[in-house]
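In what follows, a structure is listed as structure tokens, so that the remarks can point back to it.
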Amino acid sequence: MSTPVLSLHGVRKSFGPIEIIRGIELDVVPGERHAVIGPNGAGKSTLFHLISGQLTPTAGDILLDGLPIGGMAPHLVNRQGLARSFQITNIFPGLSVFENLRLAVMRRFGLDFVFWRRASRLKAVTHLADELLAQVRLEKRANVLASELSYSEQRSLEIGMTLASDPKVILLDEPMAGMSHEETEYTVGLIREITRGRTLLIVEHDMDVVFSLSDRISVLVYGQIIATGTPAEIRGNLAVREAYLGEEAS
């Protein structure tokens, strides 16, 4: 197996006397699509918060390309090559689709607080924003306000903004939540396209999506990973079936 691009060793997180994450060991290798699944309350969102810098581990190490990022501020984690989308869409509703993407690209170049130059004159920024529009299939919606997009289009826009920093590792937190079957199919196809050649760590409740999209799956139960393997291995794991998947796996 390749050298991991993202590694967690003995990671723990407590809130007062309550331990939510209990000694997680996890390796994600370059170029794989790796899903984290588990019942409600298993600690999936807390785990993502720890990796992306929203929370600081109580103990343990989080490494990105061998460099420690545990406890690092989110914007610094992003600069190291990791980007994250959230369960709730995180876009600017009063800006157009293109303006959202352009602003995300400007952040990548440290230009989001440049007030003395017109954004329209930043040719490299405009070019990259146009490329992102194409990647997330929103070229025809470029001048539409983000607030007027459908829910799946808003998720596509947020994914585009996540890509703007050209990350090595992408974290997607329940990207299919609240979508219809048709929207889910569309978004799964989009994720396949935009993660080609990149590393994806995804939390998702839709088991059809998880088993069709993932190269490997880790199962998180009560703050611990009880199994990691291919979709076929996870389907056949008796401990996983008893703890979480139940008849869904059969």
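Among [x] 1, 6, 11, 14, 14, 13, 11, 10, 7, 5, 3, 2, 1, 1, 0, 0, 0; [y] 1, 6, 14, 19, 21, 19, 13, 5, 1, 0; [z] 1, 6, 13, 17, 18, 16, 12, 8, 5, 2, 1, 0, 0, only one was calculated for this model; which label is it, if the read-out is P(r) over Cα pairs in 5 Å bins from 0, in percent? Here P(r) over Cα pairs in 5 Å bins from 0, in percent agrees with entry [z]. Going toward the positive end of the dipole of the chain, with +1 on Lys and Arg Cβ and -1 on Asp and Glu Cβ, which of F15, A129, L200 do you reach last? So the residue furthest toward the plus end is A129. For the chain, a simple Cβ point-charge model (Lys and Arg +1, Asp and Glu -1, everything else neutral) yields a dipole of about 1040 debye relative to the Cα centre. Rounded, prolate or oblate: which fits the stretch 124-199, taking a ≥ b ≥ c as square roots of the Cα gyration tensor eigenvalues, rounded meaning a/c under 1.5, else prolate when a/b beats b/c? Oblate is the answer for the stretch 124-199, as a/c is 1.5 or above yet b/c matches or exceeds a/b.
Shape call for the stretch 158-247 from the C-alpha gyration tensor, a ≥ b ≥ c root eigenvalues: rounded (a/c under 1.5), prolate (a/b greater than b/c) or oblate?
Values: a/c = 2.11, a/b = 1.61, b/c = 1.31.
Prolate.
Computed from Cα positions, the angle between helix 123-135 and the longest principal axis of the chain comes to roughly 50 degrees. Cα centroid separation, the stretch 212-242 to the stretch 19-90: 18 Å. Going from the residue with the fewest nearby Cβ atoms within 10 Å to the one with the most, K44, K168 rank K168, K44. With angles folded into 0 to 90 degrees, how steeply does helix 151-163 sit against the dominant principal axis of the chain? Use alpha carbons for both and round to 10. Once rounded, one gets 90 degrees.
Under 5 Å between amide hydrogens, built in the peptide plane, is the criterion, and for V36 it picks out I202, V203, E204, S218 among residues at least 5 positions away or on other chains.
Counting other beta carbons within 10 Å of each residue's own, what order do R22, R84, R198 fall into, fewest first? Intermediate values should be presented prior to the final figure.
Working: R22 15, R84 22, R198 18.
Neighbour counts put them in this order, fewest first: R22, R198, R84.
Scalar couplings 3J(HN,Hα) for the stretch 11-18, obtained by applying the Karplus form with A = 6.51, B = -1.76, C = 1.60 to θ = phi - 60°, are 6, 10, 9, 10, 10, x, x, 9 Hz; x denotes Gly and Pro. Amide hydrogen proximity for I69: with H placed 1.01 Å from N in the peptide plane, the residues at 5 or more positions away or on another chain lying under 5 Å are I62, L63, L64.
Positive-end ranking of V169, A42, P74 along the dipole of the chain, with charges on Cβ about the Cα centre, is headed by P74.
Only the coordinates and a few stated rules stand behind these numbers; no lab work does. Owing to the predicted nature of the structure, the values given are computational and were not obtained by experimental measurement. For neighbour counting, all protein chains shown are included, and Cβ atoms are generated from backbone atoms with ideal geometry for every residue, glycine included.
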